[in-house]
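First the structure, in the form of structure tokens, and then the observations on it.
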Amino acid sequence: MIKGFLFDLDGVIVDTAKYHFLAWKRLADELSIPFSENDNERLKGVSRMRSLDIILELGSLNLSEPVKEELASKKNAWYVEYITNMTPDEILPGALEFIQQAKTKDIKIGLGSASKNAMTILERLKITNYFDAIISGNEVSKAKPDPEVFLKGAEALELAPEECLVFEDAKAGVEAAVNGRMKCVGIGSKDVLGAADAVVEGLAAISVTAALNV
Ligand code: BG6
Ligand code: MG
């Protein structure tokens with residue numbers, strides 16, 4: 001029986017991909033690497049350092065670890081500038097209502113995000129208090145599709161993995177849920193998220209009751 005929901009953040013509760021794109025694009029331009037919105041799709045759900053590696057691959061650039069750390073920090077400083085101005089209006093349609101509905105049914109609410117900026121984003125959206133557990137990129141050492149982030153989320157909610165349902169928009173995230181023996185609702189397209197137990201366009205398209213029955 002499902003007793004807890006574990007939400008990915010970026011792409012499920014809020015669309016931060018546009019801010020990641022602006023910051024990565026600024027860095028790519030500085031490095032004279034061609035980087036399009038289409039390329040940005042490959043960075044969804046992927047950790048900051050892996051995202052940088054993908055961009056450097058696009059430019060066939062091979063850089064040392066210290067230089068890469070510097071570039072990633074630079075990108076993050078720009079990204080933080082962009083998300084600092086976020087407001088609750090940017091919560092994706094239906095997400096807040098879905099979480100509120102779950103709360104009325106005593107379902108525990110957890111966050112399982114790869115982002116080290118997850119807390120800042122939740123604060124800006126004014127939704128931190130809805131979460132019984134928050135696992136962000138600062139608490140994990142293995143990136144999705146490793147299930148670590150969701151297993152830690154389940155543990156923090158004091159639930160077994162089988163009692164948790166994950167909501168994910170990235171292929172690697174759906175795989176992380178499956179690898180953690182958790183059911184998963186994919187947010188996006190069936191073509192990409194076929195491994196999920198159900199796929200919907202967004203949280204506005206599914207009720208808590210329907211989610212509990214996937
Ligand atoms: C994920 C995003 O949630 O977080 C990725 O989908 C991003 O695009 C990753 O790279 C890491 O984010 P941050 O904020 O730690 O750089
Ligand atoms: Mg995501």
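The values are calculated or read from the model by the stated rules, or taken from the named source; none is laboratory data. This structure is a prediction, so every number in the text was calculated from the model and none was measured. Don't worry about glycine lacking a Cβ; one is built from the backbone with ideal geometry, like all the others, and counts go over all protein chains shown. Side chains are part of the model used for accessible areas, which takes the heavy atoms of the whole protein and leaves out ligands, DNA and RNA. Shrake-Rupley method; radii C 1.70, N 1.55, O 1.52, S 1.80 Å.
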Checklist entry - Across the stretch 35-53, what is the number of residues that are at negative phi and either hydroxyl-bearing (Ser, Thr, Tyr) or not in a helix (DSSP H, G or I) (or both)? => result 6
Next on the checklist: Against the condition in contact (Cβ under 8 Å) with a residue 40 or more places away in the chain and open to solvent by 20 Å² or more (accessible area, probe 1.4 Å), how does residue 50 come out, does it pass?
Outcome noted: yes
Next on the checklist: When you scan the stretch 78-94, do you find a residue that is assigned to a helix (DSSP H, G or I), open to solvent by less than 60 Å² (accessible area, probe 1.4 Å) and closer than 27 Å to residue 155 by Cβ, even just one?
Outcome noted: no
Checklist entry - Out of the stretch 17-40, which residues are modelled with pLDDT under 95 and near ligand 1 (Cβ under 10 Å from one of its atoms)? => result 17, 40
Checklist entry - When you go through 22, 27, 71 one by one, which is the residue that is open to solvent by 80 Å² or more (accessible area, probe 1.4 Å), part of a helix (DSSP H, G or I) and touching a residue at least 12 places away in the same chain (Cβ under 8 Å)? => result 22
Next on the checklist: Contact list please: Cβ distance under 8 Å, first residue in the stretch 1-18 and closer than 23 Å to residue 42 by Cα and more than 13 Å from ligand 2 (Cβ to nearest atom), second residue open to solvent by 20 Å² or more (accessible area, probe 1.4 Å) and outside any loop (DSSP other than H, G, I, E, B), pairs at least six apart or on different chains.
Outcome noted: none
